[in-house]
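**Q** Please see the structure below; I have some questions.
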Amino acid sequence: MRRPIKIVSDFDGVWTDQAGEAAAIRELLESELARTSGEPLARVQLDVEALAAIVRAEPHAHGWAPEGRITAYVDEDPLCESSAICRHLASADDERGRSYRESILAAGFADLGEFGDHCFHGGAAAFRRRHTAAIVAHARESLAAIHDAGAEVVVVSNSATEKLAAWFTIAQVDAGEGDGHAVRLRGSAAKWMIDGDDTIDVGGRPIHVDRPRYRAAIEAEAPDIVIGDVFSLDLALPHVMRRAAQPAAPRRLVLRRHDHTPAWILRDRAGGAIDEIVDGVGDLVAIVRALRDAG
């Protein structure tokens, strides 16, 4: 009996659509800026939109940088935008930027990174409280079809295992750590963690590929397929591993496309690194069948 095709999948952006969660994070960012600064919320909302326009205008210079270096660019994932705004505020030299920064520090936050994390996690939690069924439609049916095609799914995600399990459970999908689940979970994967200066160039942007926690997960799983929606976080490292012919490297790299997926990734499939582009998890069925037929 042949072993199943193993799929390592991201969660946020593959099994979910991020627009609503990103809006909730931004809503908390605006309300917390209003609280700490004493400015009217309507004025803060205008200022935040202006800040968002700044980071969107130069996406190659802005993104999620939890340890000081950009781990994913702002135009790759709407969940990165509020963090990018906070990072910009950390060095803003205009009067309003300095005023917001000083009010945040005066409110007891150690730095703008801590404030950004506060808004990200608090906003995401608020979204989950309001939208308990945020997983993509037909997730259970898509997963059953993937299993029928001869594959197993391991979700490797930056999100906590508890969140992953809860959202799959709401969709009536059995998911958990360890064997025996319809979806096996590896949460808190820290794909964002960078160690070292190794980069690749994609679309004129440097992308860090020294991601030790994510590498350890890939080496432990040795997947046949890796699917993600953010090239920097999900696909850059397995691409480098495959290029180096490392034993645990995947055979196929799949990007889950969204309306926000940037042109610098799509126009040449990240310099040829991406094998397939799909619009939903159900599209994995054909990829699994083709891979199995190829032997």
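**Q** Order of 230-239, 263-272 by packing, highest average Cβ count within 10 Å first? The partial results should precede the final answer.
**A** Values: 230-239: 26.7, 263-272: 15.0.
Top to bottom by mean Cβ count within 10 Å: 230-239, 263-272.
**Q** Compactness ratio of the chain: Cα Rg over 2.2 N^0.38 Å, N = residue count? Write out the running numbers ahead of the final one.
**A** Working: Rg = 19.6 Å, N = 295, 2.2 N^0.38 = 19.1 Å.
Working it through for the chain, the quotient is 1.03.
**Q** Please compute the contact order of the stretch 15-161 in relative form: average sequence separation of alpha-carbon pairs under 8 Å and at least six residues apart, divided by the residue count, as a percent. All intermediate terms of the calculation are to be shown ahead of the outcome.
**A** Working: 157 pairs, mean separation 42.1, N = 147.
Relative contact order comes out at 29 percent.
**Q** Moving on. Considering only DSSP beta bridges with both partners in the chain, what is the antiparallel share in %, to the nearest 5?
**A** Working: 7 of 28 bridges.
About 25 percent, rounded to the nearest 5.
**Q** Under a plain spin-label model, where a point goes 7 Å from the Cα along Cα-to-Cβ, how far apart in nm are ARG96 and GLU177?
**A** With each label point 7 Å from Cα toward Cβ, the separation is 4.6 nm.
**Q** From the phi angles alone, apply the Karplus equation (6.51, -1.76, 1.60; θ = phi - 60°) to the stretch 113-127 and give each ³J(HN,Hα) in whole Hz, x where the residue is Gly or Pro.
**A** Those phi angles translate into x, 5, 5, x, 4, 4, 5, 4, 5, x, x, 5, 5, 4, 4 Hz.
**Q** If you don't mind, there's one more thing I want to ask. Taking the Cα centre as origin and putting +1 on Lys and Arg beta-carbons and -1 on Asp and Glu beta-carbons, what dipole magnitude results for the stretch 19-130, to the nearest 20 debye? Mind dumping the intermediate values first?
**A** Values: 12 positive and 20 negative charges, 66 e Å.
Its charge dipole is roughly 320 debye.
**Q** Can you bin the stretch 19-130 into rounded, prolate or oblate? Criterion: square roots of the alpha carbon gyration tensor eigenvalues sorted a ≥ b ≥ c, rounded for a/c under 1.5, prolate for a/b above b/c, oblate for the rest. If you can, show how the numbers build up before the last one.
**A** Values: a/c = 1.37, a/b = 1.08, b/c = 1.27.
It comes out rounded by the Cα gyration axes.
**Q** Full-extension gain between ASP259 and LEU41, please, as 0.36 nm times their residue separation minus the C-alpha to C-alpha distance.
**A** Numbers: separation 218, 0.36 × 218 = 78.48 nm, distance 2.91 nm.
Using 0.36 nm per residue and subtracting the Cα-Cα distance, I get 75.6 nm.
**Q** With the dipole of the chain worked out from charges on the C-beta (+1 for Lys and Arg, -1 for Asp and Glu) around the Cα centre, which of LEU255, GLY204, HIS121 lies farthest toward the positive end?
**A** Result: LEU255.
**Q** Using modelled amide H (1.01 Å from N, peptide plane; none on Pro or chain starts), what sits under 5 Å from the amide H of LYS191, excluding residues fewer than 5 places away?
**A** Amide H to amide H, under 5 Å and 5 or more residues apart or across chains, LYS191 pairs with ASN158.
**Q** Same structure, new question: Show the residues, 5+ positions off or on another chain, whose built amide H is closer than 5 Å to the amide H of ILE5.
**A** Those lying under 5 Å, H to H, from ILE5 are ALA151, GLU152.
**Q** Collect residues whose amide H, placed 1.01 Å from N in the peptide plane, falls under 5 Å from the amide H of ASP198; neighbours closer than 5 in sequence don't count.
**A** Correct list: VAL209, ASP210.
**Q** Between beta-carbons, use under 12 Å as the cut-off and find the net charge around VAL254, counting Lys and Arg +1, Asp and Glu -1.
**A** Once positives and negatives cancel, what remains is -3.
**Q** Shifting gears a bit: Contact order normalised by length for the stretch 36-91, with contacts defined as Cα pairs under 8 Å and 6 or more residues apart; what percent is it? If you can, show how the numbers build up before the last one.
**A** Values: 57 pairs, mean separation 15.9, N = 56.
After rounding, I find 28 percent.
**Q** Shifting gears a bit: Give me the number: length gained by fully extending LEU105 to ALA190, i.e. 0.36 nm times residue separation minus the C-alpha to C-alpha distance, one decimal in nm. Please list the in-between numbers first.
**A** Details: separation 85, 0.36 × 85 = 30.60 nm, distance 2.67 nm.
Stretched out fully, the LEU105 to ALA190 stretch lengthens by 27.9 nm.
**Q** Let me ask something additional. To the nearest Å, what is the center-to-center distance of the stretch 136-153 and the stretch 1-64, using C-alpha atoms only?
**A** Centre-to-centre (Cα) distance: 28 Å.
**Q** Let me have the relative contact order for the chain, percent, based on Cα pairs under 8 Å that are six or more residues apart.
**A** Relative contact order here is 22 percent.
**Q** Now, a different point. Please report, in debye to the nearest 20, how large the charge dipole of the chain is about its Cα centre when each Lys and Arg carries +1 at its beta carbon and each Asp and Glu carries -1 there.
**A** Details: 34 positive and 47 negative charges, 153 e Å.
I would put it at about 740 debye.
**Q** Please name which of PHE168, ILE287, ALA22 has its Cα lying farthest along the dipole of the chain towards the positive end, using unit charges on Cβ (Lys, Arg +1; Asp, Glu -1) and the Cα centre as origin.
**A** Value computed over the given set: ILE287.
Quick note: the coordinates plus some simple rules give every number you see, no bench work behind them. The structure presented is a predicted model; accordingly, all values stated were derived computationally and were not measured. So basically every Cβ, Gly included, is an ideal-geometry build from the backbone, and we count neighbours across all protein chains shown.
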